[in-house]
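A short worksheet on the structure shown next.
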Amino acid sequence: MAQHNKATAIACKPFEEDLVLYYYGELGRNERAAVEGHLLVCQSCRLYLKELESILPLTVKPDEPPQAFWDDYSREMRRKLVEASERRSWWQSLALFSRPWAIPASATALVAVLALTLTFGKGFWTSKEVPRDDETFIEILPMAENLEFFENMEVLDTMDLLENMRIPGKGSV
Amino acid sequence: MSSIQFLDFTCDIISPMKEGPPVKSADEELVSLARSGDHKAFEELVERHKQKAYRIAFDFARDREEAKDLSQEAFLRAYTHLGNFDGRSGFYTWFYRILVNVCLDYKRRKQRTSAEEFNEAIEHQVEPSHVSQKPPSPDQQVLAVQLSRKVSAALEALPPKQRTAFILRNNQGLSIKEIAAMMQTAEGTVKVHLHRAVTALRQSLADFA
């Protein structure tokens, strides 16, 4: 048999857990009979059980709210439910995208948009690659500045041509 | 042994766990209505379970306003996650699981913020049921405050699973089987949690025995 401690009663080890369950009425018929048989002969376990009966009720804090509290509770709860319901309907509209058919449909739409963009937007994209007028002008400007040089070159070519024409007959042009 | 009679403060309307299948099936009917968009049906579920839910939350928070907020938060979570309720367990088991989780989350948050603040709240808490019956003497008041603090501290010191098993059995009068279903664990595990919780509380509260 266990010894009784001043601070807390000590139950026999094999019965300790069963005494707790006995207190809560959670033992089967056989176990209950065994515990009751033991309690008849063990003062420590009787003290332990008595201590449970005096301590455990202390942990329950009584609280009986008045009717006004419950009315307020229900009113507040209804308001919160309406708010949650509104939030939920907003989310549900977004949740459409999580439906199984939404993913292939979105992918198809995306491919279609890409195809249309590439087809009809070609001119748009290429026009951006064409040099702007001032850039073209900058490229042409050096050629214009040397126009005289090119004209001179053309005169020389013409003279060469005349010379060649004169050689075969040795006559004047 | 009638030691648990004082713990059983549930009334017929708010104790679906003790009533069994008829209420359960009615609950499920309301759940399916609520899922189809009838929020009045969910309001009916709230009316059925609000007192029991509040009591559980109160056992965790030990404060009236916080218990109200916690139980309402649990109802809202249940409402927004009704789609996750698969009907394998009863609505009440599913809902009280949410509730216990909300309460444990709250305790974790509370522990992180300030334990002192919690004790202050208990100390200054008004208890009309006590006041209205007969005013306690100053000595009794001091003792009650000390006890309340000690109990709160002892309960808070318990690991979450032990605290849950203890509150649901000791304060709510749920059976081990119901607690096991709610905690999604074996009955033997609940018994171990309960025994350890009782052992720890006995040691903490021995002075008040």
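Before moving on, here are some points about what is shown:
- Filtered residues of region B:35-47 (kept if at the interface with chain A (Cβ under 10 Å from one of its Cβ atoms) and assigned to a helix (DSSP H, G or I)): B:39, B:40, B:42, B:43, B:46, B:47
- The condition of being at pLDDT 95 or above and under 22 Å from residue B:155 (Cβ atoms) holds for only one of B:61, B:53, that being B:53.
- Scan of region A:24-69 for residues that are under 20 Å from residue B:200 (Cβ atoms), touching an Asp or Glu at 6+ places or on another chain (Cβ under 9 Å) and more than 7 Å from chain B (Cβ to nearest Cβ), ordered by number: A:45, A:48
- At least 1 residues being of a type outside the set (Asp, Glu), within 21 Å of the chain's Cα centre (by Cα) and modelled with pLDDT of 90 or more is the threshold, and among the helices (runs of 4 or more DSSP H) wholly inside region B:79-169 those reaching it are B:91-113, B:138-157, B:160-166.
- Annotation: of all residues in region A:12-22 being in contact with a helix residue (DSSP H, G or I) (Cβ under 6 Å, 6 or more places away or on another chain) and buried (at least 20 other Cβ atoms within 10 Å of the Cβ), the one that is farthest from the other protein chains (Cβ to nearest Cβ) is A:15.
- Residue A:50 modelled with pLDDT of 85 or more, assigned by TED's automatic domain parsing to the domain that holds residue A:23 and among the basic types (Lys, Arg): yes
- Hits in region B:157-195 - residues which are surrounded by fewer than 17 Cβ atoms within 10 Å (Cβ to Cβ) and within 12 Å of chain A (Cβ to nearest Cβ): B:177, B:187, B:188, B:192
The values are calculated or read from the model by the stated rules, or taken from the named source; none is laboratory data. No experiment lies behind these values; they were computed from the predicted model shown. FYI the Cβ positions are ideal-geometry reconstructions off the backbone, even for glycines, and counts take in every protein chain you see.
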